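Here the structure comes first, spelled out in structure tokens, and everything after it is commentary.
The values are calculated or read from the model by the stated rules, or taken from the named source; none is laboratory data. As the structure is a prediction and not an experimental result, all values here were calculated from the model. A quick note on method: Cβ atoms are made from the backbone with ideal geometry, for glycine too, and the neighbour counts reach across all protein chains shown. These accessible areas exclude ligands, DNA and RNA; they are computed on the full protein's heavy atoms, side chains included. Shrake-Rupley method; radii C 1.70, N 1.55, O 1.52, S 1.80 Å.
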Amino acid sequence: MDLTNAVAPPAESAGSAASNVNPWRFCVAPMMDWTDRHCRFFHRQLTRHARLYTEMVTTGALRHGDVPRHLRFDRAEHPVALQIGGSDVPLLANAAELGAQYGYDELNLNCGCPSDRVQDGGFGACLMMGPKQVAAGVLAMKKASGLPVTVKCRIGVDYSEDYTFLRDFIEPIAEIGCTTFIVHARKAWLSGLSPKENREIPPLRYDTVYRLKQEFPALTIVINGGIHTVDECLAHLKQVDGVMLGREVYENPYRLAEIDARLFGDTRPAPSRVEVIDAMYDYIHDELAAGNSLPHITRHMLGLYRNQPGGKQFRRVLSEHDSSREPDWDTIEAALAEVERAAASVSTRAAA
């Protein structure tokens, strides 16, 4: 079996206060087609301590597909969790064993995705209707891997949205030793809404998640959904143990540069945007040498200069490529030149 990049997590760095902080205090959500290994490596240049999650990988893909392609990652990504989609207990155990072999820090079972494809496979949000089945799967994953196994869920499904439904889902899973739950504070509609609409239309009910923490104080409860700023994170952290952000930090990745100091007490200076790009140099050159395409990496970097002078030009240069040549590091240099040109123009106007 190819275990490329299967490594142990690095030791906590000097100058960090994070070793005494709950490791789920801040998480970047698993997002299909977005949080691939290139995205996670980029995000890690912005924050040392945020917990990163893979895209959901199904048990079927790990049983019958290209396992190294699905599971390989760079050691710099630690701490990193593998999110698994599935419901068949033996297949969940197999996926968990592979996740442990590849060196992940955590396995997360998806019980929140409402897409038709996921429902057709009998997993995702529809698993909230069968907590005993989820408990059996989580227990098998724990035994097969020896890793922490967490669950990501919604507060309810369809018309089952009262607090007792969520409590009755959580309780049997906690009883078999699952101690961390990531709860999207919206219910999921299994029909009638698209996945995008399911992220926006059902109302946010943060109080339901807070109540869960109050009733199960020994559990680690991470809240997800509709959170945008670090100030909002700090407000939620007065009620729960952790926060998870998704699209906000994907579209505005430099927000991650605030996380280490404000949420983890790390006193080291945050990297500048240029320093983040410089940190990508070796990774990008290695990926290009391996035959991978620059746009597969830089698509995750498009928002780095969001709301900054030259930000639109930066995105344009990285997005629009000369068809006569393959994009390379010179493309990134050209994008940075646009930022420098815009910043100089702003300075000139301010001095006038």
Exactly which chymotrypsin sites (Phe, Trp or Tyr not before Pro) in segment 106-165 are in a DSSP loop and have at most 16 other Cβ atoms within 10 Å?
-> Y159
Rounded to whole Hz and in sequence order, give me ³J(HN,Hα) for segment 259-268 from the Karplus expression 6.51 cos²θ - 1.76 cosθ + 1.60, θ = phi - 60°, writing x for Gly and Pro.
-> 5, 4, 6, 7, 10, 10, x, 7, 8, 6
Phi to ³J(HN,Hα) by Karplus 6.51 cos²θ - 1.76 cosθ + 1.60 over segment 164-176, Hz, x for Gly, Pro | 4, 5, 5, 4, 5, 6, 5, 4, x, 6, 5, 5, 8
Which shape class applies to segment 101-143: rounded if a/c is under 1.5, otherwise prolate when a/b exceeds b/c and oblate if not, where a ≥ b ≥ c are the square roots of the Cα gyration tensor eigenvalues?
-> oblate
Tensor-based shape of segment 188-232 (alpha-carbon gyration tensor, a/c under 1.5 rounded, otherwise prolate or oblate) = oblate
Would you please give the residues with an amide H less than 5 Å from that of D266, counting only those at least 5 places away or on a separate chain, with H modeled from the backbone geometry?
-> A17, A261
HN-Hα J couplings of segment 85-93 from phi, Karplus 6.51/-1.76/1.60, θ = phi - 60°, integer Hz, Gly and Pro as x?
-> x, x, 9, 6, 4, x, 5, 5, 4
Quick one: Cα centre-to-centre distance for segment 190-215 and segment 38-105, in angstrom?
-> 25 Å
Counting only C-alpha contacts under 8 Å and six or more residues apart, can you give the relative contact order of segment 87-190 as a whole percent?
-> 33 percent
Which of the listed residues, G65, Y254, N198, is farthest toward the dipole's positive end in the chain, when Lys, Arg count +1 and Asp, Glu count -1 at the beta-carbon?
-> N198
Given 13 as the ceiling on other Cβ atoms within 10 Å, longest exposed-site-free region of the chain for trypsin sites (Lys or Arg not before Pro) in DSSP loops = 1-237
Other-chain or far-sequence residues with amide H under 5 Å of Q83's (modelled H) | T54, V57, N108
Just from its helices, what would the mean residue ellipticity at 222 nm be for the chain, if runs of 4 or more DSSP H residues each count -39500 (n - 2.57) and the sum is divided by every residue, rounded to the nearest 500 deg cm²/dmol?
-> -12000 deg cm²/dmol
Longest span of the chain, sites excluded, free of GluC sites (Glu not before Pro) in DSSP loop with at most 15 other C-beta atoms within 10 Å?
-> 13-199
Cα gyration tensor, the chain - rounded (a/c under 1.5), prolate or oblate | prolate
M32's amide H: which non-local residues (gap 5+, or another chain) put their own amide H closer than 5 Å, with H modeled 1.01 Å from N in plane and none for Pro or chain starts?
-> M56
Considering Cα pairs under 8 angstrom that are at least six residues apart, work out the relative contact order of segment 194-336 and quote it in whole percent.
-> 15 percent
Percent of accessible area on segment 212-352 owned by carbon and sulfur, 1.4 Å probe?
-> 49 percent
Find the relative contact order for the chain and round it to a whole percent, using C-alpha pairs within less than 8 Å whose residues are 6+ positions apart.
-> 16 percent
